[in-house]
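Below is one structure; the comments refer to it alone.
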Amino acid sequence: MSSKRRILDRLPLTKAPCPRCKLEQNIVVKHCLEEEISHENTLLPTLVKRFALLECAGCNTLFQALGTERKGPLSISISPAKNLESIESTLHWEFFPEPQWRELPKWMSQVFAQKYEALYGLLVDTYGAANRDANILCAMGVRTCFDIVGELLGIDPELSFSDKIEALRREGHISPREKKVLKILVDTGSAAAHRGWEPDRNDLSALLDALETFLHHSIILPQDLDQLSVKIPARKTLQD
Ligand SMILES: [Zn+2]
């Protein structure tokens, strides 16, 4: 096996998915290196890898591309009557970082990463599943996040999901309207976990919106209000 490297001054790529714009954009190729790996056995395909540093023409974000191409042999004859399937030249591009369909909100990373590690780890996995189109896993993750938050708020973990939601309402963590939303969120996760139902992206978007609202209302907002109440100057008495 041998490999040859060379710097390319051009690349057959004019558009790429920008991780910041989250859409296909025109690109400027800043640098590109090609590596060709070939085998002594000429029946094996040659592997060509292209490493490129790209700049989005829309927002100037720099990101990377890896192109992999297998070249020939186009046809291998192993007997007069039978040919192995042709190995055609194929070019496959991957981009780093990949545009994320749904990103973890900043407040989740800031608060949960330090205070609630288990919850944060599960949130990272749940959003990761959403971005990899693992929709069933994402829906199950949303339901489990709800379960963990319920426990953080002091709800008995032995209760059924339905009773947990009612306990959250009774103890003032959620409004009657939010109770309805959470019931849908939990039912969706159960259908995905036990009945093989696969939500689509619109469904996931609604689920993640509901989860974010629940987390923000039940954990972030009470903490922010506690901090605010400490800063408010006391009212002056009449004697002052
Ligand atoms: Zn961009």
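Residue count for the stretch 140-198, restricted to those that are of a type in the set (A, V, I, L, M, F, W, C) and closer than 17 Å to residue 216 by Cα: 13. For the stretch 3-26, the set of residues classified as touching a Cys at 6+ places or on another chain (Cβ under 6 Å) and either open to solvent by less than 100 Å² (accessible area, probe 1.4 Å) or more than 9 Å from the ligand (Cβ to nearest atom) (or both) consists of 8, 11, 18, 21, 25, listed by residue number.
Do we find that residue 177 is exposed (fewer than 13 other Cβ atoms within 10 Å of the Cβ) and in a helix (DSSP H, G or I) in this structure? So residue 177 fits the description; yes.
For the stretch 76-86, does any single residue satisfy the condition of being out of contact with any Phe, Trp or Tyr (no Cβ under 9 Å at 6 or more places or on another chain), of a type in the set (Ser, Thr, Tyr), at pLDDT below 85 and part of a strand (DSSP E or B)? Scanning the stretch 76-86, I find at least one residue that is out of contact with any Phe, Trp or Tyr (no Cβ under 9 Å at 6 or more places or on another chain), of a type in the set (Ser, Thr, Tyr), at pLDDT below 85 and part of a strand (DSSP E or B), so the answer is yes. Would a scan of the stretch 201-219 turn up a residue that is under 20 Å from residue 106 (Cβ atoms), at pLDDT below 90 and open to solvent by less than 70 Å² (accessible area, probe 1.4 Å)? Yes, the stretch 201-219 contains at least one residue that is under 20 Å from residue 106 (Cβ atoms), at pLDDT below 90 and open to solvent by less than 70 Å² (accessible area, probe 1.4 Å). The listed residues are 200, 163, and the only one of them that is more than 25 Å from residue 112 (Cα to Cα) and without any contact (Cβ under 8 Å) to a residue 12 or more places away in the chain turns out to be 163. Residue-level analysis places residue 169 outside the set of residues that are outside the structural domain of residue 62 (by TED's automatic domain parsing), farther than 30 Å from residue 36 by Cα, basic (Lys, Arg) and open to solvent by less than 50 Å² (accessible area, probe 1.4 Å).
Regarding residue 209, is this residue free of Cβ contacts under 8 Å to residues at least 60 places away in the same chain, out of contact with any Leu (no Cβ under 7 Å at 6 or more places or on another chain) and closer than 21 Å to residue 122 by Cβ?
Working: free of Cβ contacts under 8 Å to residues at least 60 places away in the same chain: yes; out of contact with any Leu (no Cβ under 7 Å at 6 or more places or on another chain): yes; closer than 21 Å to residue 122 by Cβ: yes.
In short, yes.
In the stretch 38-60, which residue that is among the aliphatic types (A, V, I, L, M), under 19 Å from residue 1 (Cα atoms) and open to solvent by 30 Å² or more (accessible area, probe 1.4 Å) is farthest from the ligand (Cβ to nearest atom)? Working first, answer last.
Within the stretch 38-60, the subset among the aliphatic types (A, V, I, L, M) is 43-44, 47-48, 52-54, 57.
Of the ones still in play, those that are also under 19 Å from residue 1 (Cα atoms) are 43-44, 47-48.
From what is left, the residues that are open to solvent by 30 Å² or more (accessible area, probe 1.4 Å) are 43-44, 47.
Details: 43: 43, 44: 39, 47: 30 Å.
Looking at the filtered set, the residue picked out is 43.
The values are calculated or read from the model by the stated rules, or taken from the named source; none is laboratory data. For clarity, every value in this text was computed on a predicted model and none was experimentally measured. All Cβ positions, even for glycine, are placed from backbone atoms using ideal geometry, and neighbour counts span all protein chains on display. SASA here: full protein model, heavy atoms, side chains in, ligands and nucleic acids out. Shrake-Rupley method; radii C 1.70, N 1.55, O 1.52, S 1.80 Å.
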